1. Go through (1) closer than 30 Å to P136 by Cβ; (2) among the aromatic types (F, W, Y); (3) touching a helix residue (DSSP H, G or I) at 6+ places or on another chain (Cβ under 6 Å); (4) in a helix (DSSP H, G or I) and name the single condition F220 misses.
2. Of the residues in region 90-128, how many are at pLDDT below 85 and among the charged types (D, E, K, R)?
3. What are the residues in region 177-192 that are surrounded by fewer than 17 Cβ atoms within 10 Å (Cβ to Cβ) and either of a type in the set (A, V, I, L, M, F, W, C) or touching a helix residue (DSSP H, G or I) at 6+ places or on another chain (Cβ under 9 Å) (or both), if any?
4. Among residues belonging to region 60-89 that are small (G, A, S) and assigned to a helix (DSSP H, G or I), point out the one that is modelled with the lowest pLDDT.
5. So I170 clears everything in (1) in a helix (DSSP H, G or I); (2) at pLDDT 85 or above; (3) closer than 23 Å to L34 by Cβ except one condition, right? Which one?
6. Tell me whether region 51-59 contains one or more residues that are farther than 25 Å from Q29 by Cβ, out of contact with any Asp or Glu (no Cβ under 6 Å at 6 or more places or on another chain) and at pLDDT 90 or above.
7. Quick one: is I145 under 15 Å from the mean Cα position of the chain (by Cα), in a helix (DSSP H, G or I) and of a type in the set (A, V, I, L, M)?
8. Is it the case that M163 is modelled with pLDDT under 90 and touching a helix residue (DSSP H, G or I) at 6+ places or on another chain (Cβ under 6 Å)?
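The values are calculated or read from the model by the stated rules, or taken from the named source; none is laboratory data. It should be emphasised that the depicted structure is a prediction, and the values quoted were computed from it without experimental measurement. Cβ atoms come from the backbone with ideal geometry, glycine included; neighbour counts cover every protein chain shown.
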Amino acid sequence: MLKVIYILWLRQMKRYVRSKSRMISSLGQPLLFLFALWFGFGPIFQKAGGGNYLDFIVPGIIMMGVLFTSMFMGMEVIWDRQFGFLKETLVAPVSRFTIMAGRTLGGATVAVAQGIIIFLITLLVGFRPDSLMMLPLAFLFMFMISILFTALGTAIASVMEDMHAFPIIINFLIMPLFFLSGALFPLDGLPESVAFIPHLDPVAYGVDGLRFSLAGITHFGVGFDFLVLAACIVLASAAGAFLFSRIQV
C-alpha cells in the first residue's frame, strides 16, 4: 500500500517538475493580485489604521496559489481517464482508496511547493514573517488546505468526463470561496447580514491560520482553525474516496 502511494506521489511530482510552463503560469494570478492590490489598496489600508497591507495580504496570496493549484490537480483524473492511464492504474491489485490517497498526497505536495515559491517571492518584495519559529505551522496550514481541496477536486473530477467543463465549474466554486475568506480584506466590521458567510467557508480558516503563523493576526483563533480544517479534510477525503471508487473506465 505504501509503495503504491509513493509511486503515485512520485508520478505527480515528476509531472510538476517537467511542466515548467505550468509552474510559471500558475504563479501569474497570485502575483498579479499581490502587486495590483498592494499598490492599489496599500496606502488606503494604512490610512484607515489597518497597518501594513503587505503583511495582511501575503498569507491570502499564498493561500490563493495553494488553493487553485490543489483544486486543479483534480483535472488529471479526467486527463488520465481519457488517455487510458487511469484504467491501467485501477486494475492494479490495490484498493482505489490507496490510489486516491497517493494522487491526493502528490497533488497536495505540488500545491504546497507552489505556496512556498510564492512565499519566497514575497520575501524579495519586502515581506517578513512575524516569527521564523512559526514557519512550520504555516507550512502545516498550507498542507491542510492543499489536502482538503485536492481531495475535493478529485471528488468533482470523478463524476465528470468533460475536461473543458472542469475549469469552469472549479472557478465557479473556488472564486467565491476565496473572496469570502478574508484573504484580501479584513473580516472585522462586515455587515451582520453577511458576517456569518466566512464562518461557512473552509478557506477562511486556512487563511486565518496562515495569517496567524506569518503575521500574528487571527480572527477565529488558530486552534479553532485547525479543528475546522481537520474536520473538513475528513469529510472531503471520504467523499473523494467514495466517488473515486465508483469511477467507470
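1. (4)
2. Residues flagged as at pLDDT below 85 and among the charged types (D, E, K, R) within region 90-128 amount to 2.
3. F179, P186, L190 - these are the residues of region 177-192 that are surrounded by fewer than 17 Cβ atoms within 10 Å (Cβ to Cβ) and either of a type in the set (A, V, I, L, M, F, W, C) or touching a helix residue (DSSP H, G or I) at 6+ places or on another chain (Cβ under 9 Å) (or both).
4. Here the answer is S70.
5. Of the numbered conditions (1) in a helix (DSSP H, G or I); (2) at pLDDT 85 or above; (3) closer than 23 Å to L34 by Cβ, the odd one out for I170 is (2).
6. Within region 51-59, not a single residue is farther than 25 Å from Q29 by Cβ, out of contact with any Asp or Glu (no Cβ under 6 Å at 6 or more places or on another chain) and at pLDDT 90 or above.
7. For I145, the condition - under 15 Å from the mean Cα position of the chain (by Cα), in a helix (DSSP H, G or I) and of a type in the set (A, V, I, L, M) - is met.
8. The answer is yes for M163.
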